[in-house]
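Undergrad: First the structure, which I've put down as structure tokens, then a few questions once you've had a look.
Derivation of every value follows stated rules applied to the coordinates shown; laboratory data play no part. None of these values were measured; they are calculated from a predicted model. Ideal geometry is used to build each Cβ from the backbone, glycine not excepted, and the neighbour counts take in all protein chains shown.
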Amino acid sequence: MDIVFFGSGAFGIPTLEALMREHTVRAVVTQPDKPVGRGKKLTPTPIGQAAENLDPSIPVFKPERINQPEVRDEVRAIGADAWVVIAYGQKLGQKLLADKFAINLHASLLPRWRGAAPINAAVVAGDTETGTSVIALAEEMDAGVVYAESKRRIEPSQTAGELHDLLAQDGVEPVMRTLKQFKEGRLDPTEQDVTLVTLAPKISKQDAKIDFGWDTQRCRCLIHGYNPWPSVTVRLSDLPLKIHRVESVAADTDQVAGVMYDVEKGLVACGKGAIRLLEIQPAGKKPMAWSDFVRGRAIEQGQVLQP
């Protein structure tokens, strides 16, 4: 089949690779290059870079606004049997989509967690299962019929970043299955139950504020749900620390919430139970194990981690 691929984020790379192996990708549409780093060097999106590396002969379009009439007409003129959209970053308008078979890979089991940050939302909420959904593009965000899905258990130790990479790989099969069913004329779409919709809006640094008065599970979920970004940051004395990974501990302690009552083990009291610090990142340093951080440091027992 001839495919036009729309994507920007790294989440779509495994599917793009599979499409290039098994189909003909006629064009890739991605967001414009953006300045990155201190030197503000113009840098392609992960999808733009991947497309160039995988097959430099494939045209890559980088429009500022995909729905502008001249851009819309140019993209629509590309001969293709189907459009595949994954983490593109712009909404495709109805005039652009008219009479096109277009599918979107979304990183949740819809209708749960519609929106920009479904992976973070699932981990923060303490969900034990998530997955991917292949849906039709609709006027309302993430509201289209579901063609296929994949499911995956969320392990207590998993961060949103790790889950992102796993789901990106998981999404390949349902996309390829949907395209095969479309070609064979045997699609079997399922309507979403609107009574079960939950929303996962775009996240900000403010969302990663922790309250150690919460129970241990909620603290763990927040920390893992915002790893790698924006990361839960606390202060130990005057030193800012990003907390990347922890373990829930069913401790029976009368310590004040936020108190580090066992420095060597990295135990911090919560409103109920405790968390064990496993991986942290001091300001200006690389992530490291808590055991490496405390080695040779004089950290007093009873210090409070300040959110």
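Undergrad: Starting from the Kirkwood Rh over alpha-carbon pairs, what translational D in µm² s⁻¹ does the chain have by Stokes-Einstein at 25 °C and 0.890 mPa s?
TA: 115
Undergrad: Given the stretch 1-123, what count of lysine pairs have C-alpha atoms under 17 Å apart, with each pair 8 or more places apart or on different chains?
TA: Here the count comes out as 4.
Undergrad: Right, something else. What does the net charge come to around Pro59 if you take all other residues with beta carbon closer than 12 Å to its beta carbon, with K and R at +1 and D and E at -1?
TA: For residues surrounding Pro59, the net value is -1.
Undergrad: Right, another one. Size of the stretch 210-263 along its principal axes in angstrom, Cα-based, largest extent first?
TA: Reported extents, whole Å, longest axis first: 32, 26, 17.
Undergrad: Treat every Asp and Glu Cβ in the stretch 2-196 as -1 and every Lys and Arg Cβ as +1, leave all other atoms uncharged, and give the resulting dipole magnitude about the Cα centre to the nearest 20 debye.
TA: Roughly 500 debye for the stretch 2-196.
Undergrad: Turning to a different aspect of this structure: Using the 2.2 N^0.38 Å rule of thumb for compact globular proteins, work out how the stretch 242-307 stacks up: its C-alpha Rg over that value, please.
TA: 1.06
Undergrad: Distance from the Cα centre of the stretch 135-182 to that of the stretch 234-275, in angstrom?
TA: First find each Cα centre; the distance between them is then 35 Å.
Undergrad: Using the Cα atoms of the stretch 205-294, I'd like the radius of gyration and the largest Cα-Cα distance, Dmax, both in angstrom.
TA: 11.9, 35
Undergrad: Local charge sum around Gly115 (other residues, Cβ-Cβ under 14 Å, Lys/Arg +1, Asp/Glu -1)? Please list the in-between numbers first.
TA: Values: positive: Lys91, Arg112, Arg114, Lys202; negative: Glu140, Asp142, Asp207.
Value of the local net charge: +1.
Undergrad: Counting only DSSP beta bridges with both residues in the stretch 205-294, tell me the antiparallel percent, nearest 5. Don't jump to the answer; show the numbers that get you there.
TA: Details: 20 of 21 bridges.
Counting DSSP beta bridges with both partners in the stretch 205-294, the antiparallel share is about 95 percent.
Undergrad: DSSP loop (so not H, G, I, E, B), at most 14 other Cβ within 10 Å: list which trypsin sites (Lys or Arg not before Pro) in the stretch 152-196 pass both filters.
TA: Loop-located and lightly packed - Arg186.
Undergrad: Add -39500 (n - 2.57) for each DSSP H run of 4 or more in the chain, then divide by its residues: what number comes out at 222 nm, to the nearest 500 deg cm²/dmol?
TA: Values: 9 runs with 76 residues, N = 307.
Value at 222 nm, helices only, nearest 500: -7000 deg cm²/dmol.
Undergrad: So for the chain: antiparallel DSSP bridges make up what percent, rounded to the nearest 5?
TA: Numbers: 37 of 54 bridges.
Around 70 percent antiparallel, to the nearest 5.
Undergrad: Among the trypsin sites (Lys or Arg not before Pro) within the stretch 1-98, which fall in a DSSP loop and have no more than 16 other Cβ atoms within 10 Å of their own Cβ?
TA: Arg38, Lys40, Arg65, Lys91
Undergrad: For Cα pairs less than 8 Å apart in space and 6+ apart in sequence, what is the mean separation divided by the residue count of the stretch 223-307, i.e. the relative contact order in percent?
TA: Values: 170 pairs, mean separation 26.3, N = 85.
Once divided by the residue count of the stretch 223-307, the mean separation gives 31 percent.
Undergrad: May I ask for log10 I(q)/I(0) of the stretch 157-307 at q = 0.09, 0.11 Å⁻¹, from a Debye sum over the Cα atoms as equal point scatterers with solvent left out?
TA: Taking Cα atoms of the stretch 157-307 as identical point scatterers yields -0.40, -0.53.
Undergrad: Also, I was wondering about something else. When the chain is fully extended, how far beyond the present Cα-Cα distance does Ala98 get from Asp207, taking 0.36 nm per residue of separation?
TA: Going from the current span to full extension adds 35.5 nm.
Undergrad: Further question on the same structure: What aspartates and glutamates could a cross-link reach from Lys272, if we take a straight Cα to Cα line under 15 Å and drop same-chain neighbours fewer than 8 places away?
TA: Result set, ordered by chain and number: Asp211, Asp215, Glu247, Asp252, Asp254.
Undergrad: If Lys and Arg each add +1 and Asp and Glu each add -1, what is the summed charge of the other residues whose beta carbon sits under 12 Å from the beta carbon of Pro69?
TA: Once positives and negatives cancel, what remains is +1.
Undergrad: Follow-up question, since we're still on this one. Provide the per-residue ³J(HN,Hα) series for the stretch 86-98, in order, calculated from phi with Karplus coefficients 6.51, -1.76, 1.60 and θ = phi - 60°, each as a whole number of Hz, with x at glycine and proline positions.
TA: Taking θ as phi minus 60°, the curve returns 9, 6, 6, x, 10, 7, 8, x, 5, 5, 6, 7, 3 Hz for the stretch 86-98.
Undergrad: What relative contact order, as a whole-number percentage, does the chain give when Cα pairs under 8 Å and 6 or more residues apart are counted?
TA: Rounded, it is 13 percent for the chain.
Undergrad: Order by neighbour count: Ile58, Ile223, fewest other Cβ atoms within 10 Å first, most last.
TA: Ordered by Cβ neighbours within 10 Å, fewest first: Ile58, Ile223.
Undergrad: How large is ³J(HN,Hα), in whole Hz, for each residue of the stretch 115-126 in order, when computed from phi with the Karplus curve 6.51 cos²θ - 1.76 cosθ + 1.60 and θ = phi - 60°, using x for Gly and Pro?
TA: Rounded to whole hertz, the list is x, 7, 10, x, 5, 4, 4, 5, 6, 4, 6, x.
Undergrad: To continue, here is another question. Report the charge-dipole magnitude of the stretch 53-164 in Debye, nearest 20, computed about the Cα centre from +1 at each Lys and Arg Cβ and -1 at each Asp and Glu Cβ.
TA: Computed charge dipole of the stretch 53-164: roughly 120 debye.
Undergrad: Within the stretch 1-106, which GluC sites (Glu not before Pro) sit in a loop by DSSP and count at most 14 neighbouring Cβ atoms inside 10 Å?
TA: Values: sites: Glu17, Glu22, Glu52, Glu64, Glu70, Glu74; in loops: Glu64.
Loop-located and lightly packed - Glu64.
Undergrad: So, one more: Please work out the ratio of the alpha-carbon Rg of the stretch 1-159 to 2.2 N^0.38 Å and round it to two decimals.
TA: Normalised Cα radius of gyration, the stretch 1-159: 1.07.
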